[in-house]
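Asker: I'd like to ask some things about the structure below.
The values are calculated or read from the model by the stated rules, or taken from the named source; none is laboratory data. The model shown is predicted, which means the values in this text are computed figures rather than measured ones. As a convention, Cβ positions derive from the backbone with ideal geometry for all residues, glycine included, and neighbour counts pool all protein chains shown. Accessible surface areas use protein heavy atoms only, side chains included; no ligands, DNA or RNA. Shrake-Rupley method; radii C 1.70, N 1.55, O 1.52, S 1.80 Å.
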Amino acid sequence: MAREAVRRLPEGTLSLWKREQAVLKARVVDRDTEAWQRDPAFSGLLRVGGLDVSFVKGDSVSACASLVVLSYPKLEVLYEDCRMVSLTAPYVPGFLAFREGPFLVDAVQRLQEKEPHLSPQVLLVDGNGVLHPRGFGVACHLGVHTDLPSIGVAKKLLQVDGLENNALHKEKIRLLQAGGDTFPLTGGSGAVLGMALRSHDHSTKPLYVSVGHKMSLEAAVRLVRSCCRFRIPEPVRQADIRSRDYIRRTLGGPGPPAQGQERSRKAQRPKTCLQGGSEEPTHSQGPRTHPEASDPGAQEQ
């Protein structure tokens with residue numbers, strides 16, 4: 001997910017954004033709120049959402065916002081919504097949600113309104129939650145605005161509150177011996193801001209998991225681990241694969257798609273990975289209807 005360098009903001013915008021973050025942060029719930037979160041096997045969890053934004057190569061404005069919903073625990077794609085958007089707000093570190101968040105919130109809300117039986121029960125977000133300079137990252141934004149449990153899943157350490165990617169941190173990473181091993185990300189303030197997770201036996205790079213909304217850190221880490229066939233949890237991985245594939249196919253046509261052009265489809269078979277765990281998809285195997293995708297009774301009881 002490439003992002004542009006910081007551009008000049010209109011005067012006062014940054015102050016408004018900071019105030020909005022502070023107001024919304026007060027609404028974050030950092031404990032388990034659903035019965036399935038407290039179950040060791042997540043019994044009752046049927047649908048997991050993944051969100052991602054992919055950019056057109058060489059273009060910092062044109063992008064594809066993607067929502068996928070996977071069945072749980074089989075992790076088969078039930079629904080996907082890919083839509084070309086124009087990101088008019090600049091990228092400012094610490095304020096990613098104001099650039100990308102509105103399009104992702106819209107994708108979730110469209111699904112909730114049109115096909116509520118396919119709505120996700122939890123969102124996995126490519127980004128941070130409370131592991132953030134002001135304790136309110138993009139995963140928190142999306143959770144609060146959709147009123148859904150959400151989890152931040154980042155590939156790189158955000159160095160806040162004294163956290164550093166220094167020799168000590170790298171040594172802790174080296175000591176993660178197997179998939180599921182973790183160590184806490186404890187800031188200089190003493191607060192545990194997230195967890196470094198070795199998500200897969202064959203991946204030596206950890207993920208940085210943090211609470212977004214309506215979920216404890218312990219449950220968030222367990223769920224992310226259970227969603228990993230490769231290093232990246234499958235909901236986020238599929239959102240990334242499908243958004244990049246959508247860009248390639250739409251821009252390969254007679255002309256670029258207009259803003260708002262979209263693909264929204266149920267139950268397309270997940271694209272398979274190249275041997276060895278690469279995150280690049282092979283050719284699509286075509287659509288397939290999953291039993292849960294067309295059965296309104298599949299929603300949680």
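Asker: As an exercise: evaluate residue 26 against (1) closer than 30 Å to residue 251 by Cβ; (2) open to solvent by 10 Å² or more (accessible area, probe 1.4 Å) and give the number of the one condition it does not meet.
Answerer: (1)
Asker: For residues that are of a type in the set (Gly, Ala, Ser) and surrounded by fewer than 24 Cβ atoms within 10 Å (Cβ to Cβ), scanning just region 124-169, find the one that is farthest from the chain's Cα centre (by Cα).
Answerer: 167
Asker: When residues of region 231-255 are filtered for being of a type in the set (Phe, Trp, Tyr) and under 15 Å from the mean Cα position of the chain (by Cα), how many remain?
Answerer: 0
The rows are residues; the columns are (1) modelled with pLDDT of 95 or more; (2) in contact with a helix residue (DSSP H, G or I) (Cβ under 7 Å, 6 or more places away or on another chain).
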site	(1), (2)
102	yes, no
139	yes, no
151	yes, yes
160	yes, no
184	yes, no
200	no, no
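Asker: Which residues, counting only those in region 170-207, are in a strand (DSSP E or B) and open to solvent by less than 10 Å² (accessible area, probe 1.4 Å)?
Answerer: The first filter runs over region 170-207 and keeps only residues in a strand (DSSP E or B), leaving 182-186, 192-197, 207.
Residues satisfying the conditions are 185, 194, 196, 197, 207.
Every residue, every condition in (1) at pLDDT 95 or above; (2) assigned to a helix (DSSP H, G or I); (3) not small (Gly, Ala, Ser), yes or no:
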{"position": "14", "(1), (2), (3)": "no, yes, yes"}
{"position": "27", "(1), (2), (3)": "yes, no, yes"}
{"position": "44", "(1), (2), (3)": "yes, no, no"}
{"position": "48", "(1), (2), (3)": "yes, no, yes"}
{"position": "51", "(1), (2), (3)": "yes, no, yes"}
{"position": "57", "(1), (2), (3)": "no, no, yes"}
{"position": "60", "(1), (2), (3)": "no, no, no"}
{"position": "64", "(1), (2), (3)": "yes, no, yes"}
{"position": "78", "(1), (2), (3)": "yes, no, yes"}
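Asker: Give all pairs with beta carbons closer than 7 Å in which a residue from region 56-69 that is closer than 10 Å to residue 247 by Cα meets a residue that is part of a loop (DSSP other than H, G, I, E, B); count only pairs at least 6 apart in sequence or on separate chains.
Answerer: Listed pairs, sorted by first residue: 62/56; 63/56; 63/87.
Asker: Let me ask something additional. Tell me, yes or no, whether region 31-52 has at least one residue that is open to solvent by 10 Å² or more (accessible area, probe 1.4 Å) and farther than 27 Å from residue 217 by Cβ.
Answerer: There is no residue in region 31-52 that is open to solvent by 10 Å² or more (accessible area, probe 1.4 Å) and farther than 27 Å from residue 217 by Cβ.
Asker: When region 219-245 is examined, which residues are found to be of a type in the set (A, V, I, L, M, F, W, C), touching a Lys or Arg at 6+ places or on another chain (Cβ under 8 Å) and assigned to a helix (DSSP H, G or I)? Break it down stepwise before answering.
Answerer: Let us first name the residues in region 219-245 that are of a type in the set (A, V, I, L, M, F, W, C), namely 219-221, 223-224, 227-228, 230, 232, 236, 239, 241.
Next, only the ones that are touching a Lys or Arg at 6+ places or on another chain (Cβ under 8 Å) stay: 219, 230, 232, 241.
Listed by number, the residues that qualify are 219, 241.
Asker: Give the residue that is surrounded by the most Cβ atoms within 10 Å (Cβ to Cβ), with candidates limited to residues of region 68-115 that are touching a Ser or Thr at 6+ places or on another chain (Cβ under 7 Å) and aliphatic (A, V, I, L, M).
Answerer: Result: 78.
Asker: Cβ-Cβ distance below 9 Å, separation of 6 or more or different chains: which pairs start in region 198-221 with a residue that is in contact (Cβ under 8 Å) with a residue 60 or more places away in the chain and end on one that is of a type in the set (S, T, N, Q) and part of a helix (DSSP H, G or I)?
Answerer: 213/146; 214/37; 215/37; 216/37; 219/37; 220/37
Listed here are the residues, each with its yes/no results for (1) of a type outside the set (Lys, Arg); (2) over 23 Å from residue 225 (Cα atoms); (3) in contact with a strand residue (DSSP E or B) (Cβ under 9 Å, 6 or more places away or on another chain).
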{"residue": "82", "(1), (2), (3)": "yes, yes, yes"}
{"residue": "90", "(1), (2), (3)": "yes, yes, no"}
{"residue": "98", "(1), (2), (3)": "yes, yes, no"}
{"residue": "127", "(1), (2), (3)": "yes, no, yes"}
{"residue": "138", "(1), (2), (3)": "yes, no, yes"}
